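The values are calculated or read from the model by the stated rules, or taken from the named source; none is laboratory data. Every value quoted in this text rests on a predicted model; they were computed, and no experiment measured them. Neighbour counts are summed over all protein chains in view; Cβ atoms, including those assigned to glycine, are modelled from backbone coordinates with ideal geometry. Heavy atoms of the whole protein, side chains included, go into the accessibility calculation; ligands, DNA and RNA do not. Shrake-Rupley method; radii C 1.70, N 1.55, O 1.52, S 1.80 Å.
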Amino acid sequence: MDITIWIIAGVLFLLFLVMIPVQYNYIKALNEDPRRKEKTQNEYYEGMSFQEEQLHFNSQGGLFWPSSFVASLIYKFRHKKKKPN
């Protein structure tokens, strides 16, 4: 029983690590989407088709939220807005 828990934990940890670059690329593409320019977040999501909404929900929620959180932190760190001097 003890080894089974370690195997499951290891698989989940590997999945977590593998999903970070996938989530990072998704966040990057979402922020670079030309349809998002000059729209509020609410307007942007209302303009999505049902399929796009489901894709977004499934990629940002569920089992992958830890990877999504880490990827969003990395994205924010890499794309900090520089303060003018």
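Taken as a whole, the condition of being open to solvent by less than 100 Å² (accessible area, probe 1.4 Å), at pLDDT 85 or above and among the polar types (S, T, N, Q) does not apply to residue 59. When residues in the stretch 7-56 are screened for being at pLDDT 80 or above, under 16 Å from residue 72 (Cα atoms) and in a helix (DSSP H, G or I), 16 of them pass. Of all residues in the stretch 74-84, those satisfying the criterion of being open to solvent by 90 Å² or more (accessible area, probe 1.4 Å) and either β-branched (Val, Ile, Thr) or at pLDDT 90 or above (or both) are 76, 77, 78.
Results for (1) more than 9 Å from the chain's Cα centre (by Cα); (2) open to solvent by 70 Å² or more (accessible area, probe 1.4 Å); (3) among the polar types (S, T, N, Q), shown as yes or no for each residue.
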| residue | (1), (2), (3) |
| --- | --- |
| 2 | yes, yes, no |
| 5 | yes, yes, no |
| 8 | yes, yes, no |
| 11 | yes, yes, no |
| 26 | no, no, no |
| 31 | yes, no, yes |
| 37 | yes, yes, no |
| 64 | no, no, no |
| 72 | no, no, yes |
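On the stretch given as the stretch 44-66, residues that are touching a Leu at 6+ places or on another chain (Cβ under 9 Å) and farther than 17 Å from residue 29 by Cα total 2.
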